[in-house]
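The values are calculated or read from the model by the stated rules, or taken from the named source; none is laboratory data. Note that the coordinates shown come from a computational prediction; the quantities given were computed from them, not determined experimentally. Quick reminder, even Gly has a Cβ in these numbers, built from the backbone with ideal geometry, and neighbours come from all protein chains shown.
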Amino acid sequence: MQFNKKIIISADDFGISKIATDRILELVDLGKINRVEIMMSRHITKEQAEKLLKSGVKIDIHFHLDAEKIDGWQERKTEEKENNLIRIIKFLRDYLFNPNRIDEIEAEWSFQMSDFKKLFGKYPDGLSSHEHIHFFPAYFKLILKIGQEDKINHVRLGLKNFSQANPVAFILNWLRKFDLKILKTSNLKTADYFISFDWIKGVKKPFETVPRSDQVEIVFHAERNDEYEFFKNKRLLI
């Protein structure tokens, strides 16, 4: 694949399941990916880590809160769709009403960072999180603190809003305005735009909706059959 230098293709959820890990490694071998987001689990092998290191792709840590669930997800054949309303209610309950939540997450993410360094022998190239939870300002402050302590220079955020009729994009656009104020206090960098592929894949020619003059990070999920097939078969991204 020939990449436009302004387009970053990032594969999420390496480690969440065997199929996601295997498919991402395949796409890395085919030269279809710029970055890989590592969702730390004990199922990622040293051999898999070495393949990523030798490939030259950027290797980011994909912080998550699902350590107790990943074991049960390893053999699933596709991404599970949880009830969005229930998930949002549970998340907001913990975010707004658990006074110890930030300390709990900082401890969990510290463990994940330690595991990453043991496995890859280095700090990650960038920071992101599962289901975009680091966009919430309290967690964004935490992820920037981790980045500054470990001298990591890339965080997934986007400097500009990407306008789409998508509820997730709408929420992230709203949260971004608070996060950008916090980002200015750090040395971390981000792309001009962050776009999840499921926001644009419904249109006939999805990449025609992508801004051409700015750097864009496009994220996809290899567990989703349609997204995996699209990026596997796409010959040219311009």
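Would it be correct to say that Gln215 is crowded, with 17+ Cβ neighbours inside 10 Å and either of a type in the set (Ser, Thr, Tyr) or at pLDDT below 90 (or both)? Considered against the rule, which asks whether it is crowded, with 17+ Cβ neighbours inside 10 Å and either of a type in the set (Ser, Thr, Tyr) or at pLDDT below 90 (or both), Gln215 comes out as no.
Residue selection: Lys151 fails the criterion of being among the basic types (Lys, Arg), over 15 Å from His62 (Cβ atoms) and surrounded by 15 or more Cβ atoms within 10 Å (Cβ to Cβ).
Considering only residues of the stretch 188-206 that are over 26 Å from Leu142 (Cβ atoms) and buried (at least 19 other Cβ atoms within 10 Å of the Cβ), which is modelled with the lowest pLDDT? Going through the qualifying residues, I end up with Ile200. Looking at Glu131, Glu108, which one is out of contact with any helix residue (DSSP H, G or I) (no Cβ under 9 Å at 6 or more places or on another chain) and either closer than 25 Å to Ile195 by Cβ or surrounded by fewer than 17 Cβ atoms within 10 Å (Cβ to Cβ) (or both)? Criteria check complete, one pass: Glu108.
Answer yes or no: is there a residue in the stretch 205-220 that is small (Gly, Ala, Ser) and within 18 Å of Gly126 (Cβ to Cβ). The answer is no; no qualifying residue exists. All of (1) without any contact (Cβ under 8 Å) to a residue 60 or more places away in the chain; (2) β-branched (Val, Ile, Thr); (3) out of contact with any Ser or Thr (no Cβ under 9 Å at 6 or more places or on another chain); (4) surrounded by 13 or more Cβ atoms within 10 Å (Cβ to Cβ) hold for Thr185 with one exception: (4).
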